[in-house]
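Undergrad: Have a look at this one.
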Amino acid sequence: MQTFSKQAWKSINNTLYKDILNLEFIKDLMHGSLDKRAFEFYIKQDKLYLEEFGRILSMISAKLPKAEHRAKFLMYSKDIMDVERELHEEFLSLFSADEHLEASPSCLLYTGYLHSIFNTSSLPCILASVLPCFWIYQEVGKYILKNQNKDENIYQSWINTYGCEEYEKVVQEVIEICDEYSLSVSKEENEKMLIIFKKASQMEWLFWHSAYKQEKWPI
């Protein structure tokens, strides 16, 4: 039987993941032609998202039965978020300050979904909900590095962060932990995990799409 991670990636590889790669945001980012206003919107919303994502990773750590896994998720919530915050600060320094930054509808939907899964679901399902954020970013980073125009790209440090081997190792650890906790689940629970993984992957698409549109609250 295939591992959960192989089932999960297979479920999005030829559909949703390709849709992500075909987003105007990703294509323009790869070529360095992305509107700076769209990237500013993205980087500010991502800062809000990561604050919540870091909290969720810390809370997951408290649920994990193995000490080594608890330590790793605490590390992810601190070290990875620190690296990403440094990256954000690098770009945020180029943009105007926003003292009262408000989460966009898509950002709030995504963080709300992750909190909902954490509060209502089993540990394997919770792990499935955070896996796309790690994994899809790594795959997109690798794809851009492989296919980008090698001319100067003002977003290169962002691309390098998610496409590097160090980040790939972290993602592989998260995949392995998720697979380990999926081994004992029932067929029904495995299906639920796949649904959650796909829904969180759809949120990844929506987050980038909303940044390109510079999404506003309609009312």
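The values are calculated or read from the model by the stated rules, or taken from the named source; none is laboratory data. In this text the structure is predicted, and so the values were computed from the model without any measurement. Cβ placement follows ideal geometry from the backbone for every residue including glycine, while neighbour counts extend to all protein chains displayed.
Undergrad: Got at least one residue in the stretch 185-197 being farther than 19 Å from Arg37 by Cα, of a type in the set (Val, Ile, Thr) and assigned to a helix (DSSP H, G or I)? First the steps, then the outcome.
TA: Within the stretch 185-197, the first condition is being farther than 19 Å from Arg37 by Cα, and the residues that meet it are 185-197.
From the residues that got through so far, the ones that are of a type in the set (Val, Ile, Thr) too are 185, 195-196.
Right, trim to assigned to a helix (DSSP H, G or I) and you get 195-196.
For the stretch 185-197, residues farther than 19 Å from Arg37 by Cα, of a type in the set (Val, Ile, Thr) and assigned to a helix (DSSP H, G or I): present.
Undergrad: Does at least one position in the stretch 42-52 carry a residue that is closer than 20 Å to Thr161 by Cα, at pLDDT 95 or above and surrounded by 15 or more Cβ atoms within 10 Å (Cβ to Cβ)?
TA: no
Undergrad: So, Trp205, is that one hydrophobic (A, V, I, L, M, F, W, C) and either surrounded by fewer than 20 Cβ atoms within 10 Å (Cβ to Cβ) or at pLDDT 95 or above (or both) or not?
TA: Numbers: hydrophobic (A, V, I, L, M, F, W, C): yes; either surrounded by fewer than 20 Cβ atoms within 10 Å (Cβ to Cβ) or at pLDDT 95 or above (or both): yes.
Against the criterion (hydrophobic (A, V, I, L, M, F, W, C) and either surrounded by fewer than 20 Cβ atoms within 10 Å (Cβ to Cβ) or at pLDDT 95 or above (or both)), Trp205 qualifies.
Undergrad: Sticking with this one: Name the single residue, out of those in the stretch 57-98 being of a type in the set (S, T, N, Q) and over 17 Å from the mean Cα position of the chain (by Cα), that is modelled with the lowest pLDDT.
TA: Looking at the filtered set, the residue picked out is Ser96.
Undergrad: Considering the stretch 116-147 alone, what residues qualify as being aromatic (Phe, Trp, Tyr), buried (at least 21 other Cβ atoms within 10 Å of the Cβ) and either touching a Ser or Thr at 6+ places or on another chain (Cβ under 9 Å) or at positive phi (or both)?
TA: Once the filter is applied, which keeps residues that are aromatic (Phe, Trp, Tyr), buried (at least 21 other Cβ atoms within 10 Å of the Cβ) and either touching a Ser or Thr at 6+ places or on another chain (Cβ under 9 Å) or at positive phi (or both), the stretch 116-147 yields only Trp135.
Undergrad: Being touching a Leu at 6+ places or on another chain (Cβ under 6 Å), touching a residue at least 40 places away in the same chain (Cβ under 8 Å) and of a type in the set (A, V, I, L, M, F, W, C): is that true of Ile56 here?
TA: Answer is yes for this residue.
Undergrad: Going by what's in this entry, would Ala8 be described as surrounded by 15 or more Cβ atoms within 10 Å (Cβ to Cβ), in contact with a Leu (Cβ under 8 Å, 6 or more places away or on another chain) and not in a helix (DSSP H, G or I)? Explain how you work it out, then say what you get.
TA: Details: surrounded by 15 or more Cβ atoms within 10 Å (Cβ to Cβ): yes; in contact with a Leu (Cβ under 8 Å, 6 or more places away or on another chain): yes; not in a helix (DSSP H, G or I): no.
Answer is no for this residue.
Undergrad: If you check Trp217 against the conditions, is it within 26 Å of Asp28 (Cα to Cα) and touching a Pro at 6+ places or on another chain (Cβ under 7 Å)? Break it down stepwise before answering.
TA: Values: within 26 Å of Asp28 (Cα to Cα): yes; touching a Pro at 6+ places or on another chain (Cβ under 7 Å): yes.
Considered against the rule, which asks whether it is within 26 Å of Asp28 (Cα to Cα) and touching a Pro at 6+ places or on another chain (Cβ under 7 Å), Trp217 comes out as yes.
Undergrad: Only residues in the stretch 105-126 that are within 15 Å of Phe4 (Cβ to Cβ) count as the first member; pair them with residues that are modelled with pLDDT of 95 or more and among the basic types (Lys, Arg), Cβ under 7 angstrom, at least 6 apart or cross-chain, and list the lot.
TA: What qualifies is Leu123/Lys63; Cys125/Lys192.
Undergrad: Does Ile43 count as within 18 Å of Ala200 (Cα to Cα) and β-branched (Val, Ile, Thr)?
TA: Spelling it out, it is not the case that Ile43 is within 18 Å of Ala200 (Cα to Cα) and β-branched (Val, Ile, Thr).
Undergrad: Looking only at the stretch 8-18, decide whether some residue is free of Cβ contacts under 8 Å to residues at least 24 places away in the same chain, at negative phi and under 17 Å from the mean Cα position of the chain (by Cα).
TA: Taking the stretch 8-18 first, the residues free of Cβ contacts under 8 Å to residues at least 24 places away in the same chain are 10, 13-15, 18.
Next, from what is left, pick out any that are at negative phi: 10, 13-15, 18.
Keeping just the survivors that are under 17 Å from the mean Cα position of the chain (by Cα) gives 13, 18.
Within the stretch 8-18, one or more residues are free of Cβ contacts under 8 Å to residues at least 24 places away in the same chain, at negative phi and under 17 Å from the mean Cα position of the chain (by Cα).
Undergrad: Could you tell me how many of the residues in the stretch 139-156 are closer than 24 Å to Glu52 by Cβ and in contact with a Cys (Cβ under 9 Å, 6 or more places away or on another chain)?
TA: Counting residues in the stretch 139-156 that are closer than 24 Å to Glu52 by Cβ and in contact with a Cys (Cβ under 9 Å, 6 or more places away or on another chain) gives 1.
Undergrad: Restricting the search to the stretch 99-123, which residues are at pLDDT below 95 and in contact with a helix residue (DSSP H, G or I) (Cβ under 6 Å, 6 or more places away or on another chain)?
TA: Leu101
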